[in-house]
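Computed from the coordinates by the stated procedures, all read-outs in this text should not be read as laboratory data. Not measured: the values here are computed from a predicted model. All Cβ positions, even for glycine, are placed from backbone atoms using ideal geometry, and neighbour counts span all protein chains on display.
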Ligand code: BGC
């Protein structure tokens, strides 16, 4: 009798644990290693409301992000791994890093600058994606906490040499991460180059606002402030056309559940195997404006993306196949995470009517992108 009582008590306790996954901050010891002779580590930022963000300098990555849900419980809303070894083994999905030198795709890795042709490394169906085979996400960035007015700031810097992955010009890039007291993760970029080059860095954080990656993101309700997008060919390279979204299942100007139209049989959704598209934001200048708002009915967590960039890549995790397991044992399954990447248009160096991605010596590239969190009842 006593044994049966113990058995049922244990069962009840296990069920309670499964229902209320307790998210605890990661162990910094698991991030201590070396790569290319440089030390890796885990870094933490906090704000006055208890929000916590963790990063590793391997790829300037966001590792975890704890934000309050509608009941005031903190949920980890970003994908990541529990050890640096896991990151070393999972570079191809770009989990949380700053990607570059050119985030997104460049047609056949070719472009010309000042009359000279360049060939970048090819790592995606004969095209160049996210900076190539050893892009910024594989590098160990120099990292320090710096004091700026307001909250703590984490400064991560990388010096990309002329010729790296085929790009011209020694490039000095710094990314400043901070958590503000209005519950926003702010990412500011600055870069200069010794020679003329091209640049388009972006944060490749995956999110699941339900607070667990065990469920798909198809219930998330998304709004994107874009009236146009850049259609692509089958390998997701822009054709050069700028097309209106009116009447298309890609139009998110009215808040809509991601899953509602994702399997519509139209060319764009077939090519992307779901959403994997560049949205041209409705804006005229480099002001920071709201690009998107996304909400999880499960947790009540709402995230707004604000940026000074001209475009936003919305990727609904269509190429996830469940082979990788992230934090808390959550399997990275098909469409269980999404990315909203603020950036220039893909393949801009090959289209004169797309915004310029050129950085000249003496100029400073800047970008500000903010992921701001709140709750909806
Ligand atoms: C791209 C996807 C790609 C994914 C992972 C996204 O930014 O748009 O096509 O599969 O990154 O590399």
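List 331, 305, 63 from most exposed to least, where exposure is judged by having the fewest other Cβ atoms within 10 Å.
Fewest-to-most ranking of 331, 305, 63: 331, 305, 63.
For residue 181 and residue 161, calculate 0.36 nm times their separation in residues minus their Cα-Cα distance, and state this gained length in nm to one decimal.
Length gained between residue 181 and residue 161: 3.5 nm.
List the extent of the Cα atoms of region 324-377 along each of their three principal axes, largest first, rounded to whole Å.
46, 28, 22
Where does region 211-375 land on Rg/Rh, using Cα atoms and the Kirkwood Rh?
Values: Rg = 16.3 Å, Rh = 16.8 Å.
Answer for region 211-375: 0.97.
Multiplying the sequence separation of residue 243 and residue 227 by 0.36 nm and subtracting their Cα-Cα distance, what value in nm do you get?
The span from residue 243 to residue 227 would gain 4.9 nm if fully extended.
Mind giving me the nanometre distance, one decimal, between the label points for residue 36 and residue 253, set 7 Å out from Cα along Cα→Cβ?
If labels sit at residue 36 and residue 253, their model points lie 4.4 nm apart.
May I ask for the equivalent-ellipsoid semi-axes of region 252-300, computed as the square root of five times each C-alpha gyration tensor eigenvalue and listed largest first in whole Å?
Numbers: eigenvalues 104, 66, 13 Å².
Ellipsoid half-lengths, sorted descending, are 23, 18, 8 Å.
Got the relative contact order for region 211-375 handy, in percent, Cα pairs under 8 Å and 6 or more residues apart?
25
Could you sort 363-369, 137-143 so that the peptide with the highest average Cβ count within 10 Å comes first and the rest follow in order?
Per-residue mean Cβ counts within 10 Å order the peptides as 137-143, 363-369.
Return a whole-number percent for the relative contact order of the chain, with Cα pairs under 8 Å and 6 or more residues apart as the contact set.
Result for the chain is 17 percent.
So how tilted is helix 2-19 from the main axis of the chain? Cα-based, degrees 0 to 90, rounded to 10.
30
Grab the Cα-Cα distance for residue 263 and residue 116, subtract it from 0.36 nm times how many residues apart they are, and report the gain in nm with one decimal.
48.7 nm
Mean 1/r over all different Cα pairs, inverted: what Kirkwood radius does the chain give, in Å?
21.3
Cα gyration tensor of region 268-357, axes a ≥ b ≥ c as square roots of the eigenvalues: rounded (a/c below 1.5), prolate (a/b > b/c) or oblate?
Oblate.
Given the -39500 (n - 2.57) contribution per DSSP H run of 4+ residues, what per-residue ellipticity at 222 nm results for the chain, rounded to the nearest 500 deg cm²/dmol?
Computed ellipticity for the chain at 222 nm equals -2000 deg cm²/dmol.
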